Amino acid sequence: MFGMIKNSLFGNTEETEYKLLSSETKDGVSFEVRRYDGAKYATVSSEGRTFDQVTGELVRKLLMYIGGSNEQGEAMGTAAPIIITVYPRNDGVLSRRLMVGIRIPTNYQQSPPTPTDSAIRIEERPGMTVYALQFGGFAAESEYRAEALRLTRTLGETAPFQRKQYFCCSYDPPLKPYGRRNEVWFLQEEP
């Protein structure tokens, strides 16, 4: 627990790098198109509870893992963003299934420490291109849903993105009171 707190308060945060493909404004809404390389992520999943009921618990598990609660006792530093994969229903309400992931810091990509929590999985994620919409404040399910709807309306019905899932991203530790950065990412369908 101390490792997680020390990491989030005093450690350097490694932000996942990307290539900016374009920065656009449409109908007064600014968004970016970005390309992320493939990498290893620590992930944990949940089914049966709502976004707001379970995300804090799942994020803590991942922060504990990168903070040193792993078989090697290795505090890896912190990484951003925390990426929550959600699966909206046709009416926009999120299903009770989600996955929370955090990119393994660069120095540990080749050989990530082994999780001690059996719920945590290490997975290799392929590269991806996303439409990213940034917003501030403390974000819960209602804020992410509102921003996802705003991005959907901005991109339009014919934009080539996956509609069965999207990503809710948070860049800041929970105790940061202002200047917070959140994003919604839509995965662009590859041609």
* Asked: Over the chain, what is the relative contact order in whole percent, taking alpha-carbon pairs under 8 Å and six or more residues apart?
  -> 26 percent
* Scattering profile of region 26-159 at q = 0.14 Å⁻¹ [log10 I(q)/I(0), Debye over alpha-carbon scatterers] -> -0.73
* Structure fact -> The Kirkwood hydrodynamic radius of region 140-191, taken as the inverse of the mean 1/r over all distinct Cα pairs, in Å, comes to 12.3 Å
* Structure fact -> Result: in the chain the number of Lys pairs with C-alpha under 22 Å apart, spaced 8 or more or on different chains, is 5
* **12 Å beta-carbon shell around A148, net charge (K/R +1, D/E -1)** => 0
* Rounded to the nearest 10 degrees, what's the angle between the helix 51-66 long axis and the longest principal axis of the chain, both from Cα atoms, 0 to 90? => 40 degrees
* Taking GluC sites (Glu not before Pro) as exposed when DSSP calls them loop (any state but H, G, I, E, B) and at most 11 other Cβ atoms lie within 10 Å, what is the longest stretch of the chain free of them, the sites themselves excluded? -> 72-156
* Counting only protein heavy atoms and using a 1.4 Å probe, what share of the accessible area of region 7-188 belongs to carbon plus sulfur, as a whole percent? -> 47 percent
* 1.4 Å probe accessible area per residue over the chain, in Å² -> 53 Å²
* What is the magnitude of the charge dipole of the chain about its Cα centre, with +1 placed on the Cβ of each Lys and Arg, -1 on the Cβ of each Asp and Glu, and no other charges, expressed in debye to the nearest 20? -> 240 debye
* Grab the other residues whose beta carbon is less than 10 angstrom from that of K19, score K and R as +1, D and E as -1, and report the net. => 0
* Structure fact -> Per the helix-only model, the chain has a calculated mean residue ellipticity at 222 nm (DSSP H runs of ≥4, -39500 (n - 2.57) each, divided over all residues, rounded to the nearest 500) of -6500 deg cm²/dmol
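The values are calculated or read from the model by the stated rules, or taken from the named source; none is laboratory data. Since this is a predicted model, take the numbers as computed values, not measurements. No Cβ is skipped: glycine too gets one built from the backbone with ideal geometry, and neighbour counts run over all protein chains shown. Heads up: the accessible areas ignore ligands, DNA and RNA and are worked out on the full protein's heavy atoms, side chains in. Shrake-Rupley method; radii C 1.70, N 1.55, O 1.52, S 1.80 Å.
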